[in-house]
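A quick write-up on the structure given underneath.
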Amino acid sequence: MARKFVEQVDKSNTEMFDSLVCNAIDFLRSSIDDLDHRPKNSIVDFYTAIELIFKARLMSEHWTLILSKPELARLDNFRTGDFHSVSLKGSVDRLHNILGEKIDRKVINTFEVLGEHRNQIVHFSHTSYDNASSTKAKVVVEQWRSWHHLYFLLTSKWNEIFYKHIEEIEDIQRLMLTKRDYLRVRFTELEKDIDIKCKRGEVIIACNACGFVAAIVEKTNEWGDNYHCLICDDRGISIKPTDATIECPECSSLVQFFNKSPVICTACNYPLTTEDVIAKCADEYSNGDDYCCDGRDEWIAECHQCRSTIPSVFFIDGLWSCVVCHDRGWRAVICPHCDEFVTGDPEAIEYCACFKCEDVFRNKMKRMFDSVD
């Protein structure tokens, strides 16, 4: 038997749940404290807190759900902390597959983006966070996005589960609001520079990341404007809008659905889920473009950007448009290697692989190079 260097106190299930939540809140506080001087540490702690909250949600149903291998569950080991726990992805999958609880794909994408940043920081290096002058603003933006969704889960969707910790959760909310104010201060500091650039004829638009009208348009394309934000240093694309509509599944009124979060019917206040939007778009926008001519009934592509588990890209107003991540303008093609209908760079897909079969292609190349060696 492997030697254990850490001894845990035996606790009941309720005590373990409360400890898990308190641990998550401690990581959130630490993340906020580290924001000014150690922003990379702040990212790591914030993502750790998200993982712990999801584990606590699973544990509220049954303690075995947070184990990476429930089939090897032993209560004595669990109560002393001697086990391997599930990842965030595993937690989301179990919430869906075992508990029947769906969380909007856009929410999960937000958490996963933060997780990618965390992995780069912990396992290698993150060059996007090497510039101290803009790092804090970037971290504020990433964490604010994630906290916005996490706060909703804790106080609305999961309120009955986490109600005992509501005072601590509201305290974190107050602290997060003070960090959001940092971006407003930064905007005020740069406002004169922004005005000068406007007078020079440069186009300034709202940044997708921080929301401030401080992003300089660097290039205009058919699908939108490439920009660089002076506040948070985000380099993104302001997607060309569309006024396309779908029917509300509740009252059949027409609802504008693209680039809106959340999507709410203005007639009956029904909140449309991502699944609602996809289902309605399948009724209205599944004909495809001129490329789509082989007689299929539906042309709905899978998005290489957000990689939604449900095909989510429709041909809307002349552009292939993902209704999950709101990316637009990529070509949608049938991959010649795996026969999946996907978005992406057509040449890269033709000569290499699409995102669905890239792992197979990568392994094939590895075997080829290994055989040469």
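The phi-based Karplus calculation (6.51 cos²θ - 1.76 cosθ + 1.60; θ = phi - 60°) puts the 3J(HN,Hα) values of region 97-109 at 6, 9, 9, x, 9, 9, 10, 3, 4, 5, 5, 5, 4 Hz, whole numbers, x for Gly and Pro.
Carbon and sulfur: what percent of the chain's accessible surface (1.4 Å probe)?
Numbers: 10030 of 20710 Å².
Whole-percent figure for carbon plus sulfur exposure: 48.
A straight chain from D289 to R38 at 0.36 nm per residue would run longer than the Cα-Cα distance by 85.5 nm. A simple spin-label model places the labels of C198 and Y351 4.5 nm from each other, with each point 7 Å out along Cα-to-Cβ.
Bridgeable aspartates and glutamates around K136 (alpha carbons under 13 Å apart, same-chain partners fewer than 8 residues away excluded): D33, D34, D36, D181, D233, D234. With protein chains left intact and a 1.4 Å probe, residues in the chain average 56 Å² of accessible area per residue. Normalised by the number of residues in the chain, the average gap of Cα pairs under 8 Å and 6 or more apart makes the relative contact order 9 percent.
For the set R331, R367, the ranking by accessible area, highest first and with no ligand, DNA or RNA atoms included, is R367, R331 under a 1.4 Å probe. The phi-based Karplus calculation (6.51 cos²θ - 1.76 cosθ + 1.60; θ = phi - 60°) puts the 3J(HN,Hα) values of region 238-253 at 8, 5, 4, x, 9, 9, 4, 10, 10, 7, 5, x, 8, 10, 6, 6 Hz, whole numbers, x for Gly and Pro.
Scalar couplings 3J(HN,Hα) for region 38-50, obtained by applying the Karplus form with A = 6.51, B = -1.76, C = 1.60 to θ = phi - 60°, are 9, x, 5, 4, 4, 4, 4, 5, 5, 5, 4, 5, 4 Hz; x denotes Gly and Pro.
Tell me, in nm to one decimal, what length is gained between D18 and E218 on full extension, where the rule is 0.36 nm per residue of separation less the Cα-Cα distance? Write down the numbers at each step before the final one.
Working: separation 200, 0.36 × 200 = 72.00 nm, distance 4.97 nm.
Going from the current span to full extension adds 67.0 nm.
Given the alternatives [x] 209; [y] 135; [z] 255, volume of the Cα convex hull per residue in Å³ as computed for this entry is given by [x].
For R331, the residues 5 or more places off, or on other chains, whose built amide H falls under 5 Å of its own are G344. Placing R0 at 41 angstrom, the Cβ-Cβ distance between M368 and E275 gives a FRET efficiency of 0.50 after rounding to 0.05.
Given the whole protein assembly as supplied and a 1.4 Å probe, what does the accessible area of W144 come to in Å², nearest 10? My reading of the accessible area for W144 is about 60 Å². Is it possible to state the helix-based mean residue ellipticity at 222 nm for the chain, with each DSSP H run of 4+ residues giving -39500 (n - 2.57), the sum divided by total residues, to the nearest 500 deg cm²/dmol? What is it? Here the helix-only value at 222 nm equals -15000 deg cm²/dmol. Here K164 is the anchor, and the aspartates and glutamates within straight C-alpha reach of less than 17 Å, apart from those fewer than 8 places off in the same chain, are E15, D18, D26, E61.
The values are calculated or read from the model by the stated rules, or taken from the named source; none is laboratory data. Since the structure is predicted, the reported quantities are computational estimates derived from the model, not experimental observations. Neighbour counts run over all protein chains shown; Cβ positions are idealised from the backbone, glycine included. Note: areas computed on protein heavy atoms with side chains; ligands, DNA, RNA excluded. Shrake-Rupley method; radii C 1.70, N 1.55, O 1.52, S 1.80 Å.
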